[in-house]
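S.K.: The structure follows.
The values are calculated or read from the model by the stated rules, or taken from the named source; none is laboratory data. Since this is a predicted model, take the numbers as computed values, not measurements. Glycine also receives a Cβ, built like all others from the backbone with ideal geometry; neighbour counts cover every protein chain displayed.
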Amino acid sequence: MYPKVGQRAFTLTEVVVVITILAILAAFAVPRFTRMESQARLASAQALAGSIRSSAALAHALWLASGQPANVRMEGRPVPIVMVNGYPSRATIDDTLTDLMGFTYNAGNGVFHRTGVANCSVTYINAPAEGSPAIVVGATAANC
């Protein structure tokens, strides 16, 4: 039970000081980790927006190369992509993607919504007659 001669144990004061220092470090570390989590979610939303832009551009290129048909079939995708003004329609833009990265899609309003997070979304708006579609990241690090 008692330390052998020549061995020394920590005193109660030393243990309390170490625990106090660890508690102070944890108080500073926890808020930083939570900020990193929201920044990671925002980065995920921005990555999805980039994927949507890329897939819309690929579908547009396929549309141009195919002679501008009403819809195109992208390689590896089972359903045709309906085109509006040369870009995927809001109803079929999700069919151009293989992974929604934790988002669900509502074709009615064109919103990709992060599952379980209220204000973290990416919105796809059909292409107007004179340009490319609008893709809006409706999120900030504070609410994503």
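S.K.: Mind telling me which of the residues Thr96, Thr123 ends up being touching a residue at least 40 places away in the same chain (Cβ under 8 Å), on the phi < 0 side of the Ramachandran plot and among the polar types (S, T, N, Q)? Walk me through how you get there before you give the answer.
M.R.: Numbers: Thr123 fails: touching a residue at least 40 places away in the same chain (Cβ under 8 Å).
Thr96 is the lone residue from the list that is touching a residue at least 40 places away in the same chain (Cβ under 8 Å), on the phi < 0 side of the Ramachandran plot and among the polar types (S, T, N, Q).
S.K.: Could you list all residues from the stretch 70-98 that are surrounded by fewer than 19 Cβ atoms within 10 Å (Cβ to Cβ) and acidic (Asp, Glu)?
M.R.: Passing the criteria: only Glu75.
S.K.: Out of curiosity, is Ala23 in a helix (DSSP H, G or I), out of contact with any Gly (no Cβ under 6 Å at 6 or more places or on another chain) and under 30 Å from Thr115 (Cβ atoms)? Before you say what the answer is, go through the steps one by one.
M.R.: Numbers: in a helix (DSSP H, G or I): yes; out of contact with any Gly (no Cβ under 6 Å at 6 or more places or on another chain): yes; under 30 Å from Thr115 (Cβ atoms): no.
When the stated conditions are applied, Ala23 does not pass them.
S.K.: What is the number of the single condition among (1) assigned to a helix (DSSP H, G or I); (2) in contact (Cβ under 8 Å) with a residue 24 or more places away in the chain; (3) more than 14 Å from Ala127 (Cα to Cα) that Ser55 does not meet?
M.R.: Going through (1) assigned to a helix (DSSP H, G or I); (2) in contact (Cβ under 8 Å) with a residue 24 or more places away in the chain; (3) more than 14 Å from Ala127 (Cα to Cα) one by one, Ser55 breaks only (3).
S.K.: Being within 26 Å of Gly138 (Cβ to Cβ), at pLDDT 95 or above and out of contact with any His (no Cβ under 7 Å at 6 or more places or on another chain) narrows it down to one residue among Met36, Met83; which is it? Before the answer, list the steps.
M.R.: Details: Met36 fails: at pLDDT 95 or above.
The match here is Met83.
S.K.: Just the residues that are modelled with pLDDT of 90 or more and either under 12 Å from the mean Cα position of the chain (by Cα) or among the aromatic types (Phe, Trp, Tyr) (or both), please, taken from the stretch 86-120. Quick ask: steps written out before the conclusion?
M.R.: Taking the stretch 86-120 first, the residues modelled with pLDDT of 90 or more are 86-97, 103-113.
Answer for the stretch 86-120, where residues must be modelled with pLDDT of 90 or more and either under 12 Å from the mean Cα position of the chain (by Cα) or among the aromatic types (Phe, Trp, Tyr) (or both): Tyr87, Phe103, Thr104, Tyr105, Phe112, His113.
S.K.: Please specify each residue of the stretch 106-120 satisfying the condition of being more than 14 Å from Arg41 (Cβ to Cβ), touching a residue at least 12 places away in the same chain (Cβ under 8 Å) and not β-branched (Val, Ile, Thr).
M.R.: The answer is Ala107, Asn109, Gly110.
S.K.: Here's another thing I want to ask about it. Scan (1) within 13 Å of the chain's Cα centre (by Cα); (2) crowded, with 20+ Cβ neighbours inside 10 Å; (3) among the aliphatic types (A, V, I, L, M); (4) under 25 Å from Leu62 (Cβ atoms) for the single condition Ala139 breaks and write down its number.
M.R.: Failed condition: (4).
S.K.: How many residues does the stretch 108-131 hold that are in contact with a helix residue (DSSP H, G or I) (Cβ under 7 Å, 6 or more places away or on another chain) and surrounded by fewer than 16 Cβ atoms within 10 Å (Cβ to Cβ)?
M.R.: So the first thing to find is which residues in the stretch 108-131 are in contact with a helix residue (DSSP H, G or I) (Cβ under 7 Å, 6 or more places away or on another chain), and the list is 112, 114, 117, 120, 122, 124.
Filter once more, so that each one left must be surrounded by fewer than 16 Cβ atoms within 10 Å (Cβ to Cβ): none.
Here the count works out to 0.
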